[in-house]
Amino acid sequence: MRHIARFLAKTAGQLSRVLGRGGGTSIPGTLLMKLRPRTLQEMARELDQGIVVISATNGKTTTTRMISNIAQKSGFSYVTNASGANLTGGIASALLEKNPEDSFGIFEIDEAALPDLVNQLEPTIIILMNLFRDQLDRYGELETTLLKWAEMIRTLPATTKLLINADDPALAYLGALHTNVEFFGVGETQYGSSEIPHAADSLYCQKCDGALLFSQTTIGQMGHWKCQKCDLERPEPSYTATAITLKELKGAEFKVTTALSTTDIHLPLAGLHNIYNALAACAVCATVNISSSHIQEGLGSMRAAFGRNEVIDYQGLELLLLLAKNPAGANQNLKTVLLSQGKIHLAVLLNDRTADGQDVSWIWDVDYEMIFDRIASLSIGGDRAYDMALRFYYSGFPLDQIHIATKVKDLLSHLPTVAGSNGKVIIMPTYTAMLDLRSELSKAGTTHSFWEEK
Ligand SMILES: [Zn+2]
């Protein structure tokens, strides 16, 4: 029965691809879970080097790819859900496709789905990277996710290793609920700030509700914190990113410092958020005894994940895609954009479909103003383009300088007229706007469909 169920589910996925019904990335797994729900646990147990699961609001796809890339360099045979299908169906589908020699699982998991999937997958390592406000209509408040995660952690066996971002105050507090835990964090850096951005969440102590005091903030509420009322403070990380140099949009250099070693990392992905992603990947790989030279090699040869700092050549134009789906992520992208020199051509795409979250009020928490004086041209697109245009207009951006095109196709065809035929354009889309964009670019023969990525 077990094999029949797996065979049927796999065939459904192949059929879906042949019939052109999208990537079929979740269909086989979803079907399998209906036919035989216990199969997920059975398949997971076949991976005898264990499973690492990665959850966060931002960065889980990139981190998953970083760990995969390092694992590949070190000769691990692994299975992963690289296409970002991060609910039960997507994980089951990935496991269905695993090769007999695969012994390690690397899965990104949706924040809300994490407790249930941890229960079924029985991972050996869980990485908790950050929690920001995202899709309020779907997840409810941050507190709901935090409570569910806390409950999950209380039932973990001691053999499961938790790797937690020490810089995120609410997550760091969760670490106290488990014995087998290590932290990672960014050390003192010139790219930190002493101010708390207004998109920050979790500004109060999880233990006593006292206000948190920050000596450094990096992204949103992340940084060096301590409670003003009780003894709770940022735990000392086992893995610290030090000597960080951000190299405009080209990448970053930094060191990962542990009690025993220091490893130089050259990362070809830009922005401070990618330092956190890389640090999480280092922590995982060191935990499974991958050598620092393989970690260096894996991170040094990273290519951007689907739409995350990805550069695409479109008829001579250079498009830089920066997925922006919540305030913390969008602000981080804007800061990354500021690392570049000169004026920029910017396109912002806002959709409000299920995967984006239907509540678009989050755009008012993004500090778009920080790049106003760098904008040479502004194009706005997506289903809710007019909401986004209003956001810019209310902050003083001249309305007659905003080009609005709700259809991606029209937006793309407008870009060469503002940026020149071989100019550069920075595009910040929400998730489904990114899919629309990819589909248009794909039709133009520019890029491959995302589900073809391994
Ligand atoms: Zn406190």
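The values are calculated or read from the model by the stated rules, or taken from the named source; none is laboratory data. As the structure is a computational prediction, the values presented were derived from the model and not from experiment. A quick note on method: Cβ atoms are made from the backbone with ideal geometry, for glycine too, and the neighbour counts reach across all protein chains shown.
What the table shows:
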{"quantity": "Near pairs, Cβ below 6 angstrom, 6+ apart or cross-chain, from the range 417-443 (assigned by TED's automatic domain parsing to the domain that holds Leu349 and closer than 11 Å to Leu319 by Cβ) to any residue that is acidic (Asp, Glu) and part of a strand (DSSP E or B)", "calculated": "Lys424/Glu318"}
{"quantity": "Every residue from the range 1-60 that is among the hydrophobic types (A, V, I, L, M, F, W, C), modelled with pLDDT of 90 or more, more than 22 Å from the chain's Cα centre (by Cα) and not in a helix (DSSP H, G or I)", "calculated": "Leu47"}
{"quantity": "From Ala304, Ala283, residue being on the phi < 0 side of the Ramachandran plot, in contact with an Asp or Glu (Cβ under 7 Å, 6 or more places away or on another chain) and surrounded by fewer than 24 Cβ atoms within 10 Å (Cβ to Cβ)", "calculated": "Ala304"}
{"quantity": "Count of the range 224-246 residues which are more than 16 Å from the ligand (Cβ to nearest atom) and either touching a residue at least 40 places away in the same chain (Cβ under 8 Å) or of a type in the set (A, V, I, L, M) (or both)", "calculated": "10"}
{"quantity": "Unmet requirement for Thr217, which otherwise passes all of (1) free of Cβ contacts under 8 Å to residues at least 40 places away in the same chain; (2) within 16 Å of the ligand (Cβ to nearest atom)", "calculated": "(2)"}
{"quantity": "Top-ranked residue in the range 296-349 [being of a type outside the set (Asp, Glu), in a helix (DSSP H, G or I) and in contact with a Lys or Arg (Cβ under 8 Å, 6 or more places away or on another chain); ranked as farthest from Ala270 (Cα to Cα)]", "calculated": "Pro327"}
{"quantity": "Exclusive hit being touching a Cys at 6+ places or on another chain (Cβ under 9 Å) and away from the ligand (no atom under 16 Å from the Cβ), set His294, His266, His273", "calculated": "His294"}
{"quantity": "Asn289, sole failed condition from (1) more than 23 Å from Leu212 (Cβ to Cβ); (2) assigned to a strand (DSSP E or B)", "calculated": "(2)"}
{"quantity": "Filtered residues of the range 194-217 (kept if in contact with a Leu (Cβ under 9 Å, 6 or more places away or on another chain), at pLDDT below 90 and surrounded by fewer than 19 Cβ atoms within 10 Å (Cβ to Cβ))", "calculated": "Ile196, Leu203, Tyr204"}
{"quantity": "Residue match in the range 201-213 (condition: more than 16 Å from the ligand (Cβ to nearest atom) and over 21 Å from the mean Cα position of the chain (by Cα))", "calculated": "no"}
{"quantity": "Among residues of the range 341-395, those that are closer than 27 Å to Ser413 by Cβ and more than 22 Å from the chain's Cα centre (by Cα), counted", "calculated": "25"}
{"quantity": "Hey, Ala389 assigned to a helix (DSSP H, G or I), buried (at least 16 other Cβ atoms within 10 Å of the Cβ) and at pLDDT 95 or above or not", "calculated": "yes"}
{"quantity": "Per-region count, the range 416-430, residues assigned to a helix (DSSP H, G or I) and modelled with pLDDT under 90", "calculated": "0"}
{"quantity": "Count - residues of the range 238-257 that are farther than 17 Å from Glu297 by Cβ, touching a helix residue (DSSP H, G or I) at 6+ places or on another chain (Cβ under 9 Å) and modelled with pLDDT of 95 or more", "calculated": "5"}
